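To start, the structure under review is shown below, and the notes come after it.
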Amino acid sequence: MKKDISFYQSSVGKKILMSLAGLFLCSFLVIHLTGNLSLFKNDGGVAFNAYSEFMAHNPIIRSTEIILVAGFLLHMVLGGLLWLKNRAARPEKYSSYKIQDNVSFASRTTMLSGSMILFFLVVHLKTFFYPSRMLGEKDMYKLVVEAFSNPWYDLFYIVALVLLAYHLKHAFQSAFQTLGLRNGKYIVLFDAVAVIFWLLIPIGFASMPIYFFLSTLK
């Protein structure tokens, strides 16, 4: 037991836990996008409102959300701890230690992109989750249409998705490497799966503000 605890307190153990938490969060993106695709049904929002109502009141979903929040917090905290540890381990200051020659650009900006995604998540929850779960808003389709009719919100949303895509691209490579899955035998397979998450899913989410904004121009 002590060996297990000491392992997960190590940098390698933290990386494994962070990778597993990150992959779990990616599974949520698939579910969330699948439900949100009902926005494109030409039914005046009936299907999407039914989906929103189900998500808001189903006890299994509500319980899963607690696990989701825990997974996000675990991923965020471990990422912060590893970043601080790596920063403290650098033998020289930035002026003499050429970080660009020793650490990839993606690795250097992971903390920044993660912080921006956290900010986006807070805004996103305030815009959609809070009215649905806390205020009892029933017509979530109307709320989505109003939010995505604002070009500034759409721009913010799309920029955040670009950052998410960049964050996921590096995160998938790191996670598979940490878990020992990204090797010669399976590298093509896992890189293909990664493309689904870091490219196709963000494009799917970005299509929503674009669709509703263009609808306001008709």
- Item | Qualifying residue in region 190-199 (condition: among the small types (Gly, Ala, Ser), buried (at least 17 other Cβ atoms within 10 Å of the Cβ) and out of contact with any Lys or Arg (no Cβ under 9 Å at 6 or more places or on another chain)) | no
- Does Tyr166 satisfy the criteria of being touching a residue at least 24 places away in the same chain (Cβ under 8 Å) and surrounded by fewer than 14 Cβ atoms within 10 Å (Cβ to Cβ)? no
- Query: Can you tell me which residues in region 40-80 are acidic (Asp, Glu) and modelled with pLDDT under 85?
  - Reply: Glu65
- Message: Please count how many residues of region 33-49 are surrounded by 14 or more Cβ atoms within 10 Å (Cβ to Cβ) and part of a helix (DSSP H, G or I).
- Response: 9
- Message: Looking only at region 123-144, count every residue that is among the aliphatic types (A, V, I, L, M), over 23 Å from the mean Cα position of the chain (by Cα) and surrounded by 13 or more Cβ atoms within 10 Å (Cβ to Cβ) and tell me the total.
- Response: 0
- Among the residues of region 145-161, is any of a type in the set (D, E, K, R) and surrounded by 18 or more Cβ atoms within 10 Å (Cβ to Cβ)? yes
- Message: If Asp191 meets every condition in (1) under 17 Å from Leu23 (Cα atoms); (2) among the charged types (D, E, K, R); (3) in contact with a helix residue (DSSP H, G or I) (Cβ under 6 Å, 6 or more places away or on another chain) apart from one, which number is that one?
- Response: (3)
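The values are calculated or read from the model by the stated rules, or taken from the named source; none is laboratory data. Note that this is a predicted model, so its numbers are computed, not measured. Cβ: placed from backbone, ideal geometry, glycine included. Neighbour counts: every protein chain shown.
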